[in-house]
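**Student:** I have a structure here, written as structure tokens, and I will follow up with some questions on it.
Values quoted throughout were computed directly from the atomic coordinates according to the rules given, and no laboratory measurement underlies them. Quick caveat: nothing in here was measured; it's all calculated off a predicted structure. Neighbour counts are summed over all protein chains in view; Cβ atoms, including those assigned to glycine, are modelled from backbone coordinates with ideal geometry.
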Amino acid sequence: MVDVLVAADALVRLFGGGRTWLGRRVPVVRAVDGVSFWVRHGETLGVVGESGSGKSTLARMLVGLLAPSAGHLSVAGRPVRGLAGVEAVRFHRAVQMVFQDPVSSLNPRKTVRQILEGPVQVLLGAGRAERRDRVARILDLVGLRPEFLERYPHEFSGGQAQRIGLARALVVEPELLVLDEPVSALDVSIQAQVLTLLRDLQTRLGLTYVFISHDLAVIEALCDRVLVMRDGRVVETGPCRTVFRAPQHAYTRSLMAAVPVVRQAIRVCTP
Amino acid sequence: MMERPACPWRRPSIWVRLSRNHLAVLGSTIVAAIVLVALLAPWLPLVDPNLTAPADRLQPPLSPTALLGTDQLGRDVLSRLIWGTRVSLAVGLSATLIAAVAGSGIGLVAAYVGGPVDQALMRGIDMLMAFPYLLLALAIVAALGPSLMNALLAISVVNIPFFARAVRGATLSLVRREFIDAARLAGYSRFRILTSELLPNVMPVIVITMSTTVGWMILETAGLSFLGLGAQPPQADLGSMLGDGRRIVVTAPHVAAVPGVLILVLVIGINLVGDGLRDILDPRLKAGALSRPVARTATMPAQRRPGALPSTGPSEHGSSPPLLAMHGLDTQFEIGREVYRAASGVDLTLGRGDSLGVVGESGSGKSVTALSVLGLVPTPPGRITGGSIRFDGTIDLLDVPLSGLQDLRGGRIAYIFQDPLTTLNPLMPVGEQVAETVQRHQGLSNRGAWAQAVEWLDRVGLRAPAEKARAFPHELSGGQRQRVVIAMALANRPDVLIADEPTTALDVTTQARILDLVNDLRRQSGAALLFITHDLGVIATLCTRVLVMYAGQVVESGPVAAVFATPRHPYTRGLLACVPVLGQPERALDAIPGLPPPVNRLPRGCAFADRCPSVVAACRQAPVPLRPVGPARTARCLRAEDGLHG
Ligand SMILES: Nc1ncnc2c1ncn2[C@@H]1O[C@H](COP(=O)(O)OP(=O)(O)OP(=O)(O)O)[C@@H](O)[C@H]1O
Ligand code: SF4
Ligand SMILES: [Mg+2]
């Protein structure tokens with residue numbers, strides 16, 4: 001399988017364990033507990049599950065912010081393990097992340113220009129002219145006006161801030177984008193703007209997404225395949241259509257049943 | 001939550017704000033004058049401060065040769081004072097800088113690296129702090145030998161812990177923020193993350209700590225010199241001058257008094273500036289928290305409030321008035337010169353057993369409307385300037401005395417907020433908190449109230465309620481905490497239950513359980529429900545009527561099924577088109593372009609005009625009224641009927 005971009009094999013991540021300095025035992029939490037999957041070039045893998053099911057831990061392992069306690073993870077044929085120096089730079093050039101909280105993911109003391117030029121400078125070693133050029137292009141791509149560059153994050157709405165986060169991740173032209181609940185903090189109208197943008201960027205740039213959300217409808221709208229997680233394990237996986245049309249696992253069914261629906265009403269009003 | 005206006009109103013610069021603080025201005029003037037004179041010392045026509053003139057010893061102030069007199073060796077006090085101030089300022093500032101750099105470095109590294117490094121560094125700091133701190137300074141100078149340099153060192157060392165602790169605390173709250181993760185993904189080295197991501201964000205803390213400690217450090221240096229451990233004769237600094245004058249304080253009081261007064265004035269000046277800076281830079285004080293919130297939103301009295309009810313009396317509804325009838329509510333926030341019209345002219349009726357959903361984007365005024373009902377909008381900056389809220393057909397809630405309002409709160413009208421932690425007291429077992437509400441409104445015995453509390457905790461589906469009642473809020477999960485809050489809200493069998501996004505912080509499965517619970521309990525108890533959410537799906541599941549808000553106004557209202565099936569306002573239509581629907585992945589999500597207008601700069605005409613696909617010239621010319629558009633339906637759109645055919 002030559003077009004597999006991400007391959008994860010029996011990933012495990014534990015938290016806690018050991019003892020406090022008073023000698024009390026800290027209980028072990030198995031946040032991710034033996035998760036295996038793969039993602040092909042250009043496809044979108046959705047990850048759903050209720051809070052505490054290990055979605056964010058998985059995301060952080062995928063982008064190298066957390067080291068797996070056990071198991072194997074490779075991106076573009078290269079193992080992700082103990083990244084440092086040149087290796088780390090090469091990895092982050094290929095793999096970037098968009099965070100859940102648009103506001104907390106931007107440094108309040110930096111201008112948008114500084115936020116966007118930083119990764120270009122460090123990861124691509126680009127000179128001043130190329131940095132300006134790339135930043136201008138990416139800003140246009142995510143639909144932000146050039147005059148925003150000299151502003152600070154607190155001057156933006158949630159939707160605009162999330163576009164800046166998206167621009168920061170895309171400015172180094174990564175192959176894989178891990179999105180951890182990127183629209184959960186946004187209003188439906190703004191959420192729709194960002195989702196439309198994500199779809200559009202994927203077709204234009206041939207990006208691969210791992211998209212994490214607790215909103216099944218959002219996952220279904222954007223993803224090719226889905227991974228349903230519960231308590232750190234995968235309970236069901238498959239193409240979105242199959243999984244949502246005929247869920248095999250009782251947990252998936254209960255997740256689906258829990259979604260409040262406007263379906264009937266909306267069917268009537270949209271052509 | 002305070003929504004950022006899309007067109008930002010810039011905060012005035014630090015200098016502008018500092019200049020509004022009169023004490024800080026006074027302080028800066030004093031400090032600036034003293035510093036200026038000290039800096040100019042070499043150019044001023046002063047005699048050599050160390051030149052002794054035994055013939056002219058102990059001249060009183062205002063003598064012809066020496067303006068401030070001379071000391072016991074005949075040295076000119078004015079000259080010594082100015083040169084001595086120079087030394088004291090230099091030592092105090094250097095000590096502050098050294099302490100700030102070392103302490104902040106320790107604090108930053110401890111918080112960022114964490115683990116054993118943090119433990120080791122902070123243990124060291126704790127040990128420093130364990131000694132009374134002047135004693136420690138004395139011990140250091142005693143060990144190193146008396147000299148100005150050693151005094152400087154000692155003062156720096158004893159002040160390091162203040163910086164280390166303050167900076168570590170500030171950094172800890174930052175290292176978990178996602179922008180630090182983002183910096184790691186951008187390939188930044190640890191050093192660069194410390195200096196370019198963390199340091200600028202803790203800078204205000206460092207500046208505050210510096211400005212509040214520099215005065216003390218000058219004082220402490222003076223103290224050491226006074227004891228003969230700092231500046232060595234013949235060099236003058238303020239402390240050593242004071243020490244010299246002490247022995248002759250009876251015969252020649254001016255020799256000690258002059259440096260003493262200067263120290264006092266200087267330190268007071270510096271502390272005034274420091275306090276001023278702290279008020280400006282400390283984010284906790286930024287939001288106007290200095291002015292304590294009042295028990296009730298400021299409300300314009302009925303005589304002057306447009307739309308107020310003529311008097312307290314039976315309403316025109318006759319036999320069965322609605323439980324809650326809000327008419328033309330105007331609530332605004334006055335910040336500086338800006339007026340944010342958070343709710344303007346909101347009408348809302350809630351009958352017995354009704355369940356009304358309120359939707360709208362963030363900042364559309366949903367919460368403000370709900371909070372206005374019981375005067376819970378924070379004042380300042382909030383103020384209710386118009387309208388009426390009739391409760392149970394008789395009283396206008398905007399005019400009842402505070403005590404009446406407090407009896408209603410948590411009694412006949414109860415709230416459930418988005419974040420249960422804001423409602424719950426972290427230091428009290430949850431059962432006691434439920435019991436307390438019950439007791440306040442029903443006057444039961446302790447035992448009876450506790451039994452009721454446990455019963456309600458059971459009823460809201462908390463497993464092992466008797467046990468859970470003894471738990472503290474932090475020992476429960478988010479869903480469990482929200483159940484406790486619901487129990488508290490329902491325990492007094494309210495007539496009206498106002499729920500503001502009670503499930504937004506919860507995941508879908510927990511949300512579904514909580515919604516079921518609210519619905520069941522509402523049906524059993526016959527309470528009316530006002531449910532605020534931005535999730536249209538939740539409204540479809542839970543409510544019979546819906547109210548759509550936009551930029552502080554109601555733009556559409558009616559029965560849920562009808563409004564969702566044939567929305568009359570383009571905004572409602574847009575909202576519905578934005579919702580991804582499970583089972584229809586192909587549905588194109590029609591994003592509404594742009595953003596709502598900032599509520600401090602509302603346009604004259606329709607507030608939705610800039611985003612509206614059907615806008616025509618008339619829409620922008622005059623305010624668009626809310627008008628009936630069908631059975632029990634209203635909409636605020638000139639072209640409400642067009643959509644029917646389009
Ligand atoms: N304490 C406050 N001080 C100043 N302005 C405020 C305050 N609280 C709310 N506002 C302003 O009032 C307007 C309405 O806010 P409100 O909280 O009612 O919105 P909302 O519809 O509840 O939004 P959300 O969905 O985010 O909860 C906003 O423009 C907001 O900026
Ligand atoms: S009044 Fe005009 S601008 Fe406003 S919603 Fe209706 S058609 Fe659009
Ligand atoms: Mg709100």
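**Student:** What is segment A:146-271's relative contact order, in percent, from Cα pairs under 8 angstrom and six or more apart in sequence? The partial results should precede the final answer.
**Tutor:** Details: 92 pairs, mean separation 20.7, N = 126.
This gives 16 percent for segment A:146-271.
**Student:** Next question, about the same structure. Starting from the Cα of B:Asp642, step 7 Å toward the Cβ, then list every residue of segment B:568-609 with an amide N under 13 Å from that point.
**Tutor:** Zone members listed by number: B:569-571, B:609.
**Student:** Need one word for segment B:74-115: rounded, prolate or oblate. Basis is the Cα gyration tensor (sqrt eigenvalues a ≥ b ≥ c); a/c below 1.5 gives rounded, then a/b vs b/c decides.
**Tutor:** prolate
**Student:** Okay, moving on. Given a Förster radius of 41 Å and the C-beta distance between B:Arg523 and B:Trp15 as r, what FRET efficiency does 1/(1 + (r/R0)^6) yield to the nearest 0.05? Kindly include the intermediate steps, with their values, before the conclusion.
**Tutor:** Values: r = 60 Å, r/R0 = 1.47.
Calculated transfer efficiency: 0.10.
**Student:** Turning to a different aspect of this structure: Shape verdict for the protein assembly as shown, please, from the Cα gyration tensor: rounded (a/c under 1.5), prolate (a/b greater than b/c) or oblate.
**Tutor:** Judged from the Cα gyration tensor, the protein assembly as shown comes out prolate (a/c at least 1.5, a/b above b/c).
**Student:** How about segment A:112-141: which trypsin sites (Lys or Arg not before Pro) there are in a DSSP loop, with at most 16 other Cβ atoms within 10 Å of their Cβ?
**Tutor:** Values: sites: A:Arg113, A:Arg128, A:Arg131, A:Arg132, A:Arg134, A:Arg137; in loops: none.
Passing sites in segment A:112-141 do not exist.
**Student:** Next question. Add +1 for every Lys or Arg and -1 for every Asp or Glu among the other residues with Cβ under 12 Å from the Cβ of B:Ala186, and state the total. It would help to have the intermediate numbers written out before the result.
**Tutor:** Details: positive: A:Arg93, A:Lys110, A:Arg168, B:Arg184, B:Arg192; negative: A:Glu117, B:Asp181, B:Glu197.
Once positives and negatives cancel, what remains is +2.
**Student:** Can you give the average number of partner chain beta-carbon atoms within 10 Å of each beta-carbon in peptide B:171-184, as a whole number? Before the final figure, lay out the partial values.
**Tutor:** On the way: counts 0, 0, 0, 3, 0, 1, 8, 13, 14, 4, 9, 15, 6, 6.
If you average over the peptide's residues, the count of other-chain Cβ atoms is 6.
**Student:** Once you've got the GNM for chain A with C-alpha springs shorter than 10 Å, pick whichever of A:Pro260, A:Pro79, A:Pro68 has the biggest mean-square fluctuation.
**Tutor:** Greatest mean-square fluctuation among the candidates belongs to A:Pro260.
**Student:** With just the Cα atoms of segment A:116-256, tell me how far they stretch along each of the three principal axes, in Å, largest first.
**Tutor:** Cα extents, longest axis first: 55, 29, 27 Å.
**Student:** Calculate, for B:Asp347 and B:Leu444, the FRET efficiency according to 1/(1 + (r/R0)^6) with r their C-beta to C-beta distance and R0 51 Å; round to the nearest 0.05. Intermediate results must be reported in sequence, preceding the final value.
**Tutor:** Working: r = 38 Å, r/R0 = 0.75.
Result of the calculation: an efficiency of 0.85.
**Student:** For a quick check of your reading of the filter: which trypsin sites (Lys or Arg not before Pro) in segment B:578-646 sit in a DSSP loop and have no more than 14 other Cβ atoms within 10 Å? Display every interim value, and only then the final one.
**Tutor:** Details: sites: B:Arg587, B:Arg601, B:Arg604, B:Arg611, B:Arg620, B:Arg633, B:Arg636, B:Arg639; in loops: B:Arg587, B:Arg601, B:Arg604, B:Arg636, B:Arg639.
When the trypsin sites (Lys or Arg not before Pro) of segment B:578-646 are filtered for loop state and at most 14 Cβ neighbours within 10 Å, B:Arg601, B:Arg604 remain.
**Student:** Separation between the A:Glu87 and B:Leu136 pseudo-spin-labels, each 7 Å from Cα along Cα→Cβ, expressed in nm?
**Tutor:** Calculated label separation equals 4.3 nm.
**Student:** At what distance in nm do the modelled label points of A:Arg145 and B:Glu334 sit from each other, each positioned 7 Å from its Cα along Cα→Cβ?
**Tutor:** Distance between the two pseudo-spin positions: 3.2 nm.
**Student:** If you don't mind, another one. Report the extension gain between B:Arg57 and B:Leu93 in nm, rounded to one decimal, defined as 0.36 nm multiplied by the number of residues separating them, less their alpha carbon distance. Walk me through the numbers before you get to the answer.
**Tutor:** Working: separation 36, 0.36 × 36 = 12.96 nm, distance 3.28 nm.
Here the answer is 9.7 nm.
**Student:** If I model a spin label as a point 7 Å beyond the Cα along the Cα-Cβ vector, how far apart are those points for B:Asn50 and B:Ala143 in nm?
**Tutor:** Placing both labels 7 Å along Cα→Cβ, they lie 3.0 nm apart.
**Student:** Apply 1/(1 + (r/R0)^6) to the Cβ-Cβ distance of A:Val29 and A:Arg78, taking R0 = 22 Å, and write down the FRET efficiency to the nearest 0.05. Mind showing how you got there, number by number?
**Tutor:** On the way: r = 29 Å, r/R0 = 1.32.
FRET efficiency, A:Val29 to A:Arg78: 0.15.
**Student:** Which of the trypsin sites (Lys or Arg not before Pro) across segment B:424-476 are loop residues per DSSP, with 12 or fewer other Cβ within 10 Å? Spell out each step's value before the answer.
**Tutor:** Values: sites: B:Arg440, B:Arg447, B:Arg459, B:Arg463, B:Lys468, B:Arg470; in loops: B:Arg463, B:Arg470.
Those satisfying the criteria are B:Arg463, B:Arg470.
**Student:** Within 11 Å, Cβ to Cβ, of B:Arg483, how many net charges do the neighbouring residues add up to if Lys/Arg are +1 and Asp/Glu are -1?
**Tutor:** Numbers: positive: B:Arg459, B:Arg463, B:Lys468, B:Arg481, B:Arg513; negative: B:Asp458.
So the surrounding residues net to +4.
**Student:** From Cα pairs below 8 angstrom and at least 6 apart in sequence, can you work out the relative contact order of chain A, rounded to a whole percent? Walk me through the numbers before you get to the answer.
**Tutor:** Details: 467 pairs, mean separation 66.7, N = 271.
After rounding, I find 25 percent.
**Student:** Is it possible to state the helix-based mean residue ellipticity at 222 nm for chain B, with each DSSP H run of 4+ residues giving -39500 (n - 2.57), the sum divided by total residues, to the nearest 500 deg cm²/dmol? What is it?
**Tutor:** Details: 22 runs with 297 residues, N = 646.
Value at 222 nm, helices only: -14500 deg cm²/dmol.
**Student:** Right, next: Once a ≥ b ≥ c are taken as the square roots of the eigenvalues of the Cα gyration tensor of chain A, is the result rounded (a/c under 1.5), prolate (a/b larger than b/c) or oblate (a/b not larger than b/c)?
**Tutor:** Values: a/c = 1.57, a/b = 1.13, b/c = 1.40.
It comes out oblate by the Cα gyration axes.
**Student:** For chain B, what does the relative contact order come out to in percent, with C-alpha contacts under 8 Å and a separation of six or more?
**Tutor:** On the way: 1109 pairs, mean separation 72.5, N = 646.
Across chain B, relative contact order equals 11 percent.
**Student:** Hey, another quick one. Shielding by partners for B:357-364, please: the mean number of other protein chain Cβ atoms within 10 Å of each residue's Cβ. Don't jump to the answer; show the numbers that get you there.
**Tutor:** Details: counts 0, 0, 1, 1, 7, 8, 3, 1.
Rounded to a whole number, the mean comes out at 3.
**Student:** Counting only other chains, what is the mean number of Cβ atoms within 10 angstrom of the Cβ of each residue in peptide B:211-218? Before the final figure, lay out each step's value.
**Tutor:** Working: counts 0, 0, 0, 0, 0, 0, 0, 0.
The per-residue average across the peptide is 0.
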